[in-house]
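One structure below.
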2 protein chains.
Amino acid sequence: MDGFDDAETKESDVLTRPDPSLGTVGADQAIRLGPLERSLGFHLRLSQMRAFTDFFETFAGDGLQPGSLSVLILIGENPGIRQGVLAQTLMIKRSHMAKIVQGFGEKGLVARRVPADDRRSVELRLTDKGESLVASTMPKFLAHEAASADSLTAEERQTLLALLTKFHGAKGPAR
Amino acid sequence: MDGFDDAETKESDVLTRPDPSLGTVGADQAIRLGPLERSLGFHLRLSQMRAFTDFFETFAGDGLQPGSLSVLILIGENPGIRQGVLAQTLMIKRSHMAKIVQGFGEKGLVARRVPADDRRSVELRLTDKGESLVASTMPKFLAHEAASADSLTAEERQTLLALLTKFHGAKGPAR
DNA sequence: CCATTCTTGTCCACATGAAAACAATCCACA
DNA sequence: TGTGGATTGTTTTCATGTGGACAAGAATGG
């Protein structure tokens, strides 16, 4: 496990550093992002991590994850939706969706129904328990959403939302 | 493994569907997103998945992943950067960063150096091999970036970038 | 100077998500 | 009718990423 050189030197690289005068070496050191500075993917990833972190802060104790919650919400909004459609909409692999739904089934949150006209597929809907979980979580979720972009003005948030939608929506529904 | 009812019925849920007249049941069925429609986190996730997919399309054969490439780029831009700083900047766990860097070390792309003034830490820089890999990949990367948002106008792309930066940057560097 | 506490990177156990092979079912078409 | 191919969900296997304990070194404070 070592194609490594752990050389023990320390000279010459101050010159390549952005601004040696900053002194304090800590994490607040200015980092050159180079081409990443203008990379959409890069900033998307960072933004999503941020949103993720915020989510977990809000829903700390609830044992809920962003993905799971969105699945529940979508089932609630579209009773009888099929697993595959759900997976495609959320850009989750079908194999993964199977696991998620299985988990919800075991927790009694989601009921499966095999329609007579296509016995391969599975229609999903919330149980009463699932319904009430979503209902009770929703206010917290909405409050979280409202606060989530407190670094942006309302207008900026709106613009961001529109641009994101246009960005990911414009190329067809995620083959 | 079955808190499940696999009932075999098929009635009554057409009523709850958005528009039964659409007929074709396929994936192009209109899905109600409900509160997700206006959720930043939701659209961020979808957008990132989209960017991810595009990235893999471009760099299919190169065995490169978005994360790995950004690590390499950042090391290239900041020779001597320490692992922890890198991890913090990219919002990657230190434990994971250790693995990544280890992999780069084994491939001879990155050299580690333990500075004399703090022998816990590890300074990273690209080897010649790493340098040339980044150099040869960069044009492709830049082209990819330029094309990545072809569903947006140049101005929209610029706005999106700025808003994302403001969004994730405004709350401090990811504690 | 020593003891305590904090940092930095590493290791190991585990969770999360993806790729691919698979079984059941449906559909097209002869 | 029935046969080959496509679709739908499941299973298995594997890569990727996280959490927590740890060891070595550095800082703090008497």
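Things to note:
- The stretch B:53-64, subset touching a residue at least 40 places away in the same chain (Cβ under 8 Å) and farther than 30 Å from residue B:113 by Cβ, residue nearest to the chain's Cα centre (by Cα): B:55
- Among the residues of the stretch A:41-52, those that are free of Cβ contacts under 8 Å to residues at least 60 places away in the same chain and facing another protein chain (nearest Cβ under 7 Å) comprise A:41, A:42, A:43, A:44, A:45, A:46, A:47, A:48, A:49, A:50.
- Tallying residues that are exposed (fewer than 15 other Cβ atoms within 10 Å of the Cβ) and either more than 20 Å from residue B:70 (Cα to Cα) or at pLDDT below 95 (or both) within the stretch B:159-175 yields 5.
- The set of residues in the stretch A:65-102 being at the interface with chain B (Cβ under 7 Å from one of its Cβ atoms), within 12 Å of DNA strand C (Cβ to nearest atom) and free of Cβ contacts under 8 Å to residues at least 60 places away in the same chain consists of A:66, A:70.
- The numbered conditions (1) within 12 Å of DNA strand C (Cβ to nearest atom); (2) part of a helix (DSSP H, G or I); (3) open to solvent by less than 60 Å² (accessible area, probe 1.4 Å) are all true for residue A:56 except (3).
- Looking across the stretch B:103-156, the residues that are acidic (Asp, Glu) and more than 15 Å from DNA strand C (Cβ to nearest atom) come down to B:128, B:131, B:145, B:150, B:155, B:156.
- Residue count for the stretch A:98-138 under the criterion of being under 17 Å from residue A:67 (Cα atoms), within 12 Å of DNA strand D (Cβ to nearest atom) and crowded, with 20+ Cβ neighbours inside 10 Å: the result is 6.
- Close pairs from the stretch B:105-128: first more than 7 Å from chain A (Cβ to nearest Cβ), partner among the acidic types (Asp, Glu) and assigned to a strand (DSSP E or B), Cβ under 9 Å, at least 6 apart: B:122/A:6
- From A:151, A:95, residue being modelled with pLDDT of 95 or more and either under 27 Å from residue B:170 (Cβ atoms) or of a type in the set (Gly, Ala, Ser) (or both): A:95
- Tally, over the stretch A:139-165, of residues that are farther than 17 Å from residue A:47 by Cα and either within 16 Å of DNA strand D (Cβ to nearest atom) or facing another protein chain (nearest Cβ under 9 Å) (or both): 2
- Looking only at the stretch A:59-78, residues that are open to solvent by 30 Å² or more (accessible area, probe 1.4 Å) and not in a helix (DSSP H, G or I) come to 2 in all.
- Selection of the stretch A:78-97 for residues being hydrophobic (A, V, I, L, M, F, W, C), within 24 Å of residue A:132 (Cβ to Cβ) and within 11 Å of DNA strand D (Cβ to nearest atom) yields A:81, A:86, A:97.
The values are calculated or read from the model by the stated rules, or taken from the named source; none is laboratory data. Just so it is clear, the model here is predicted, and its values are computed rather than measured. Using ideal geometry, Cβ is built from the backbone for each residue, glycine included, and neighbour counts are taken over all protein chains shown. Remember, those area values only see protein heavy atoms, side chains included, never the ligands or the DNA or RNA. Shrake-Rupley method; radii C 1.70, N 1.55, O 1.52, S 1.80 Å.
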